[in-house]
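Report on the structure given below.
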Amino acid sequence: MPYRSVERRRVLAAAALGRDAEPPRLSADDGVPFDAVTGVILDVSPHLIIVEDAAGGQRRLVIAPWATAWRGGPVAPADLPAGARVVIRALKAGTVAERIWADATRLTGTIKAVTGRRDLTIVLDMGAHRGERSITVPYRSSGRIRVRHPQLEPGYLFDAIGMVDGGAPLALLPATSQPPYRAAAVPAPPPAYRGVQSKISGTAVWGDLPERGVAYPMLETSDTGCADAGVSCAGLPYLALGSTLYVRNVCDGRADALPIVACGCVTGRFCDRCLECGTSPRGRIVELSAAAYVELGGDLIKGCFNARIGLG
């Protein structure tokens, strides 16, 4: 099991790199995360939404008068269909829904093939832990996608936000501007990095992770079974699967300590910047699960926020 040696590796890494051996801790200056409720809609009305969570329990949330919802575009919360998978930003200890994203998905990877003229079909390599995925770019969205992704060719990176409709993933919004380099030609990290920083700044994004936590680019391949791990232009140090990261949303100050649950082998290949509340340093430093991203104040449609991470 990859988690067995996490504590020992943390101590050894701290000794070698001059870092604190204790896991990152939250402070009084850190903003309190939102509550995030995830699951499948059982019933919805203008004032109440009932969701079945992963454990089979039911969550009943009052829909705030100012609440908004998204399912491929803005919709009234009461118009969301039963059976839709939702992520809900909730207030009042998770009892009041103020923002709902339904059937949202993140489509990030390396382009393997592109076919079609009006509706485009793109085969993406989404990394060792996600495999290949065939997605559709509807004609109505293709113009917007092509403006931000001019190189729809094999070998280039792709990143879009979309929805799952009838089991088919649709790319609707570009999540970023396409990097000008191929996925195999990621820029080298800055030479000034020496591996001793207690905090590193960059871009946080979200993805379809199976567990609440984060995907991190610089993991030991022996832990992850991912030969593509260990690539980043942000100059990140190596950590182990199961380690804990302190993640702070610089935009509004919300922070949390989250486990590393997956390899961010695709995330590390994006050497872009987030432009929310200022410009982040170059490079994606962490990919959060949708629930963790929402808890830290992120908007799934915007796709990124400026972040600072602490090493655990």
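The values are calculated or read from the model by the stated rules, or taken from the named source; none is laboratory data. Since the structure is predicted, the reported quantities are computational estimates derived from the model, not experimental observations. Methodologically, a virtual Cβ is constructed for each residue, glycine included, from the backbone with ideal geometry; neighbour enumeration extends over all protein chains shown. In case anyone asks, the SASA skips ligands and DNA or RNA and just uses the protein heavy atoms, side chains included. Shrake-Rupley method; radii C 1.70, N 1.55, O 1.52, S 1.80 Å.
Here are the numbers:
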quantity: Protection proxy ranking, peptides 156-163, 253-260, average beta carbon neighbours within 10 Å, highest first; calculated: 156-163, 253-260
quantity: Accessible area of segment 66-143 divided out per residue, in Å², using a probe of 1.4 angstrom; calculated: 46 Å²
quantity: Potential lengthening between residue 277 and residue 62 on full extension [0.36 nm per residue; Cα-Cα distance subtracted]; calculated: 74.4 nm
quantity: Contact order relative to length of the chain, as percent, for alpha carbon pairs under 8 angstrom and 6 or more apart; calculated: 19 percent
quantity: Segment 147-161 - phi-based ³J(HN,Hα) in whole Hz, Karplus 6.51/-1.76/1.60, Gly and Pro as x; calculated: 4, 8, 10, x, 9, 8, 9, x, x, 9, 7, 9, 8, 9, 10
quantity: Euclidean distance of C-alpha centroids, segment 53-81 and segment 211-266, integer Å; calculated: 30 Å
quantity: Residue-count net charge about residue 282 - beta-carbon cut-off 12 Å; Lys, Arg +1, Asp, Glu -1; calculated: +1
quantity: Order of exposure, largest accessible area first, which applies to 95, 176, 279 with probe 1.4 Å; calculated: 279, 95, 176
quantity: Under 5 Å, built H, 5+ apart or other chain: amide partners of residue 75; calculated: 69, 70
quantity: HN-Hα J in Hz across segment 92-101 - Karplus 6.51, -1.76, 1.60, θ = phi - 60°, x for Gly and Pro; calculated: 6, 6, x, 10, 10, 8, 10, 8, 10, 10
quantity: Semi-axes of the equivalent ellipsoid for segment 224-312, Cα gyration tensor, largest first, Å; calculated: 20, 15, 12
quantity: Whole-number D in µm²/s for segment 112-202 (Stokes-Einstein; Kirkwood sum over Cα pairs; 37 °C, 0.692 mPa s); calculated: 221 µm²/s
quantity: The chain - charge dipole about Cα centre, Lys and Arg +1 at Cβ, Asp and Glu -1, debye rounded to 20; calculated: 640 debye
quantity: Environment charge at residue 35 (Cβ cut-off 11 Å; Lys +1, Arg +1, Asp -1, Glu -1); calculated: +1
quantity: Given (1) 15.3; (2) 14.0; (3) 16.2, the label whose value is mean projected area of the Cα convex hull in nm² derived from this model; calculated: (3)
quantity: Average accessible surface area per residue within segment 211-294, 1.4 Å rolling probe, Å²; calculated: 29 Å²
quantity: Whole-Hz ³J(HN,Hα) from phi, Karplus 6.51 cos²θ - 1.76 cosθ + 1.60, for segment 51-57, glycine and proline x; calculated: 10, 9, 8, 5, 8, x, x
quantity: Computed lengthening from residue 43 to residue 201, 0.36 nm per intervening residue step minus Cα-Cα distance; calculated: 52.8 nm
quantity: Accessible area in the full protein assembly, largest first, 1.4 Å probe, for 271, 251, 277; calculated: 277, 251, 271
quantity: Surface share of carbon and sulfur [accessible, 1.4 angstrom probe, percent] for the chain; calculated: 52 percent
quantity: Computed E for residue 222/residue 134 - FRET, C-beta separation, R0 30 angstrom, nearest 0.05; calculated: 0.45
quantity: Residues with amide H under 5 Å from that of residue 220, placed H, sequence gap 5 or more; calculated: 239, 241
